[in-house]
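Just so you know, all these numbers are worked out from the coordinates, no wet-lab data involved. Predicted, not measured: the structure shown is a model, and the values here were computed from it. Positions of Cβ are backbone-derived with ideal geometry, glycine not excepted, and every protein chain shown enters the neighbour counts.
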Amino acid sequence: MIIMSRIGKKPIQIPASVKVEISDRRISVEGSKGILSRLLPPEVEVSVGDREIIVAPSGASRRTPAFWGLARTLIANMIEGASSGFEKRLEFEGIGFRVAVEGNTILAQLGFSHPVRYAPEEGVSVRVEKNTIIVSGADKEKVGHTAAAIRALKPPEPYKGKGIRYQGEVIRRKAGKKAVASA
């Protein structure tokens, strides 16, 4: 069986400000934004060279090509997150909608009878500027999960577009009820 992975074959460049360590099946990446650690799948072998990481398959199972590309992408995301971090922006729109940050908890007035509170995951910071919620952190998975959870508090509705949406997200609008002409 020939194993191919276009993504898995690419070497990962390590910036000078990032330190990478591999022990057993665990990879640790330390940078200015934090320390990230992950357990690697047994289908791949990782070797750290001079300022680059090479990910190679270790077996020939059916799952190996999928895990090869996945492991390479996860390691690349860890290096990018430890050096520069990730950020997602959400916009909220609606009459009377307000979002504020109290400590590390989001307090949102989203048209319900009560304010909604949401505490983001550990390692993720949230701030609000005008009608934009900015979610940032070193771990791409946690940033994305937190942004999705905030969006789920009040997803955008298709008639007026009110709710929380990702910046740049296009909401398909529906026409409302039409007036019926008399016969």
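Looking at region 42-79, which trypsin sites (Lys or Arg not before Pro) are DSSP coil and have at most 10 other C-beta atoms within 10 Å of their C-beta? Mind dumping the intermediate values first?
Working: sites: Arg51, Arg62, Arg63, Arg72; in loops: Arg51, Arg62, Arg63.
Counting only loop positions with at most 10 other Cβ atoms within 10 Å, the trypsin sites (Lys or Arg not before Pro) in region 42-79 are Arg62.
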Tilt, helix 140-153 to longest principal axis of the chain (alpha-carbon atoms), in degrees rounded to tens, equals 20 degrees
The lysines whose Cα lies under 19 Å from the Cα of Lys178, excluding any fewer than 8 residues away in the same chain, are Lys160
Kirkwood Rh for region 86-166 from C-alpha pairs, in Å, is 12.6 Å
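Could you work out the local net charge near Val46, counting Lys and Arg as +1, Asp and Glu as -1, over the other residues with Cβ closer than 10 Å to its Cβ?
Numbers: positive: Arg25, Arg72; negative: Glu45.
In short, +1.
Return a whole-number percent for the relative contact order of region 6-83, with Cα pairs under 8 Å and 6 or more residues apart as the contact set.
Numbers: 135 pairs, mean separation 28.8, N = 78.
Taking the mean separation of contacting Cα pairs over the length of region 6-83, I get 37 percent.
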Under 5 Å from the placed amide H of Glu91, counting only residues 5+ away or on other chains, we find Ile133, Arg165, Tyr166, Gln167
With the charge dipole of the chain built from beta-carbon charges (+1 for Lys and Arg, -1 for Asp and Glu) about the Cα centre, the Cα from Pro115, Ser47, Ala100 projecting farthest to the positive end belongs to Pro115
With a 27 Å threshold on alpha-carbon distance, the violating pairs from Lys130/Lys162; Lys154/Lys174; Lys33/Lys154; Lys33/Lys162 are Lys33/Lys154; Lys33/Lys162
Residues whose built amide H sits under 5 Å from the amide H of Glu52, excluding neighbours closer than 5 in sequence, are Ile14
Under Stokes-Einstein, region 18-174 at 37 °C and 0.692 mPa s, with its Kirkwood radius over C-alpha pairs, diffuses with a coefficient in µm²/s of 185 µm²/s
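Explain nothing, just the number: relative contact order of the chain, from Cα pairs under 8 Å at least 6 residues apart, as a whole percent. Show your work: numbers first, answer last.
Numbers: 338 pairs, mean separation 32.1, N = 183.
Computed value for the chain: 18 percent relative contact order.
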Scalar couplings 3J(HN,Hα) for region 16-22 by Karplus 6.51 cos²θ - 1.76 cosθ + 1.60 (θ = phi - 60°), nearest whole Hz, x for Gly and Pro, are 5, 7, 10, 10, 10, 10, 10
Karplus-derived 3J(HN,Hα) from phi for region 51-61 (6.51 cos²θ - 1.76 cosθ + 1.60, θ = phi - 60°), whole Hz, x at Gly and Pro, runs 6, 8, 10, 10, 10, 10, x, 10, x, 9, 8
